[in-house]
Amino acid sequence: MTTLSIDHVSRWFGNVVAVNDITMTIGPGVTGLLGPNGAGKSTLINMMAGFLAPSTGSVTLDGQQVWRNEAIYRHIGIVPEREAMYDFLTGREFVVANAELHGLGDKAAQRALATVEMEYAQDRKIATYSKGMRQRVKMASALVHEPSLLLLDEPFNGMDPRQRMQLMDLLRRMGDEGRTVLFSSHILEEVEQLAWHIEVVVAGRHAASGDFRRIRRLMTDRPHRYLVRSSDDRALAAALIADPSTSGIEVDVAEGALRIQAVDFGRFTSLLPKVAREHGIRLLTVSPSDESLESVFSYLVAA
C-alpha cells in the first residue's frame, strides 16, 4: 500500500508563491486534485514526482524523501500536462526509451501500449498524433514499469469521449487493484465521475479535503447569486426578501435588474416562480452571476 505524504510544503519562484503551506496524504485508490487553472496543481505534482524541490516542507513516499532519491523514481509514473514530446520518434520508440531507463525492454513497452490501446498507431511518428493520442502514449510511458504511484496532470485534455471513458476505466481498475492514483483537473465533472477522494487547491492554498460528496455539498450549499429581470423588480424584491432562503437583494439600476443572494438553493429555485405567479410579475431573465469554478473554490477557501 503506497502512501504519498505532503508535509507543510511551499514553493515559490522569486516573489511569486505558487504553493503555500500545503499538507495532505494521498493513499491507495483514485484521488482527484481539483482547482482552477493557475491554482498550483502542476507545481504540486512536480514536487510529488521529484522533479521540483519544495522551498519548505517535505514530500515522502512510504516514508522516503522523493527529492533527489533516484531509487524512489522506480515507484512513480507521471503523465505531465505539457504537450512537448519527441515528435521524431514513433510511439513505440518513445515508450521503449522509457522502458530502457528502468532496465526493461520491448516486452514491457508492448504491454503498456496494449494497456492504453495504442498498438494500432505504435509505428507512426508522434508528430502525426492527435492531442488525445499523445496523452495515451504518455500514459503508456508512465505505466511501462508498473509504478505503485501514478501522477496525472490534466490527463483528459484533448481526448474525445471514447478515449476519456477508456482512460477513466483504466484508472478505476488501477485504483481497485490498490495502486495510488492522483489526477489533477479543473473540471468538476471529471473528478465527480472518477475520484474516490478529493483534494481542492485554490491560489496555492489547500482549500478542502475528503469525500467528494461532502465537498460537493459545500459547493451546493454556498450562497448563490442571481441576476433577475422582471416586469416589477421592486415588488418582486419585497416578496422575496421576506423568505429565509434569500439573504440579500440589491436593485441594480444600471442593469435594470435585481442582484439576489440565495442561501438555500433548492428552496429559492422553487420559490422564485411561485412568488412571481402569485404577484402577477413576469420573469424576463434569471441567470446565475457567480457560477465559475473560481467562485466555488473561493467560497471553499473562506468556509
Just one of the numbered conditions (1) surrounded by 21 or more Cβ atoms within 10 Å (Cβ to Cβ); (2) in contact with a Phe, Trp or Tyr (Cβ under 9 Å, 6 or more places away or on another chain); (3) not in a loop (DSSP other than H, G, I, E, B) is not true of residue 22; which one?
(2)
Residue 41: passes all of (1) buried (at least 19 other Cβ atoms within 10 Å of the Cβ); (2) modelled with pLDDT of 95 or more but (2)
Matching option when the condition is hydrophobic (A, V, I, L, M, F, W, C) and modelled with pLDDT of 95 or more, among 53, 71:
53
Residue count for the range 122-145, restricted to those that are surrounded by 16 or more Cβ atoms within 10 Å (Cβ to Cβ) and in contact with a strand residue (DSSP E or B) (Cβ under 9 Å, 6 or more places away or on another chain)
10
From (1) touching a His at 6+ places or on another chain (Cβ under 7 Å); (2) closer than 30 Å to residue 176 by Cα, pick out the condition that doesn't hold for residue 21.
(2)
Counting only helices (runs of 4 or more DSSP H) wholly inside the range 70-188, the ones holding at least 3 residues that are in the same structural domain as residue 200 (by TED's automatic domain parsing) and under 18 Å from the mean Cα position of the chain (by Cα) are 131-143, 161-176
All but one of (1) over 15 Å from the mean Cα position of the chain (by Cα); (2) within 25 Å of residue 178 (Cα to Cα); (3) β-branched (Val, Ile, Thr); (4) surrounded by 19 or more Cβ atoms within 10 Å (Cβ to Cβ) hold for residue 2; state the number of the condition that does not hold.
(4)
Scanning for something within 27 Å of residue 19 (Cβ to Cβ) and among the charged types (D, E, K, R), does the range 159-167 turn up at least one residue?
no
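The values are calculated or read from the model by the stated rules, or taken from the named source; none is laboratory data. As the structure is a prediction and not an experimental result, all values here were calculated from the model. Methodologically, a virtual Cβ is constructed for each residue, glycine included, from the backbone with ideal geometry; neighbour enumeration extends over all protein chains shown.
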